[in-house]
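The block underneath contains the structure these notes are about, expressed in C-alpha cells.
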Amino acid sequence: MNSNICVVIDVMVEYINPEVDSREKFSNQFLTNEEIEQEMRKKNVQEICRKNLISQKQATVNPQQFTDILVDDKHKLLYCSVPKVACTNWKRILYILSVKNNSTNPVNINASFVHSTDFTKHVRLLSSYSVSEISNKLENYFKIMFVREPLERLLSAYRNKFTMPYNRYFHKRYGRKIVKMFRKNPNQTSLAEGNDVQFKEFVQYVLNPKEPLNQHWKQYYKLCHPCIVNYDIIGKYETLYRDSIYALQRAGISHKVTFPTSAYHHRKTSDLALEIYRQLPEETIHKLWQLYSVDYTMFGYSYPDYHSTGQTI
C-alpha cells in the first residue's frame, strides 16, 4: 500500500442550522466517497471484534483502558492519540479547541508542548473521568482515531526515538537495555548511553518484550480499544489530509481549526521501509506480522511481504 499523502481536495460544504444539528452536512461526490470508505472501515473493525468475541455491548468500562484518549468537552469530541500517526497535529487541534486561542492553525502551537505534562492540564484524558462520565462520553461524543501501516509506524518510532540525539529519555530508558540484551560484546559507551541502537536490535526487543510495549510501538487495538469504542472516524495516515478534512467537517469544527499540510524535509519512512525491512530475515518479518496481526486485519492492511519483487506499503 502506498503511503503518499493525498493532494488538497476542494470540498463544498453546506452548513446546517446549528439549532437543528451541531454537525455539518456535505454535498457532492466527496461526501459519498468518504462515507462509503468510513462505513467499510468500521464494518471491518466490527467484524474482527465479532470474530474475537468482543463487542461494544458486552465490554465493561475500565477507566485505565482510556489513558490514550483525549477529551474536548466543549465540542463533545474524543480523539485517540496514536504516536507516529500525526498525533502531534491532532493534539494541537484539541488544544486550540479546548483553550481560548486566537489561532486556527495548529502549526502555531509548539510541538514539544503537546507532548508535555502541561498539555493534560488543558486537555483531559478520558481515563480521568468517572465510570459513568466515561460511559456517557463514549455513547454521545464524536470519536476519532487514526492508524497507519503497522511496520511503517514501527520504523518511524525507531527513527524518532533512537536515532535522534535529543531523545535521551528513550536512549536511557530503552536503548541501554536493548544494547545489553541483544548486542554481542557491546562497548562501555553504548552500554552507558544507549544512543546507537540498531534497528535489528530494536526489532528483537519488540519481539521479546520483558515489559508492556511502549505506546509508540503498542498495537492500535490496545491503545484505542476499537471493540469498545465505536469510532465515528477511522482515519489512515496513507490518506491523512483527506481523512482529516473529512473528520473536521463531520465533527462540525472545520470553521474553527484547519489541518496543516505536511512538508517533508527528510526522507520519508515510507520510502525507507522497503529498503530497511528487506535486510531482515523473512522469519523476523513474519514474527512482526504476528505481533501486529490484529491491527493488520482489523484496519485492512496487507501482509508485509517485503521480500517479494515490487512490494511497497
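One table, with the values for the structure above:
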| item | result |
| --- | --- |
| Elements of type helices (runs of 4 or more DSSP H) contained in segment 140-236, each with 2 or more residues being open to solvent by less than 20 Å² (accessible area, probe 1.4 Å) | 150-162, 176-182, 199-207, 220-224 |
| Positions within segment 107-138 being closer than 24 Å to PRO83 by Cβ and open to solvent by 60 Å² or more (accessible area, probe 1.4 Å), in sequence order | VAL107, ASN108, ASN110, SER112, HIS115, THR117, ASP118, THR120, LYS121, HIS122, ARG124, SER128 |
| Pairs, first open to solvent by 10 Å² or more (accessible area, probe 1.4 Å) in segment 245-258, second part of a helix (DSSP H, G or I), C-beta under 7 Å, six or more apart | SER254/LEU248; LYS256/LEU97 |
| Tabulated pairs, segment 204-233, first within 18 Å of SER293 (Cβ to Cβ), second open to solvent by 40 Å² or more (accessible area, probe 1.4 Å) and among the charged types (D, E, K, R), C-beta under 9 angstrom, 6+ apart or interchain | LEU207/LYS287; LEU213/LYS222; TRP217/LYS84; CYS227/ARG50 |
| Residue tally, condition without any contact (Cβ under 8 Å) to a residue 40 or more places away in the chain and closer than 25 Å to GLU283 by Cα, over segment 187-203 | 4 |
| Filter result for THR104 (open to solvent by 50 Å² or more (accessible area, probe 1.4 Å) and under 25 Å from GLN46 (Cα atoms)) | no |
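The values are calculated or read from the model by the stated rules, or taken from the named source; none is laboratory data. All figures in this text were calculated on a predicted structure; none of them were measured in a lab. Neighbour counts are summed over all protein chains in view; Cβ atoms, including those assigned to glycine, are modelled from backbone coordinates with ideal geometry. Surface areas here come from the heavy atoms of the whole protein model, side chains and all, with no ligands, DNA or RNA. Shrake-Rupley method; radii C 1.70, N 1.55, O 1.52, S 1.80 Å.
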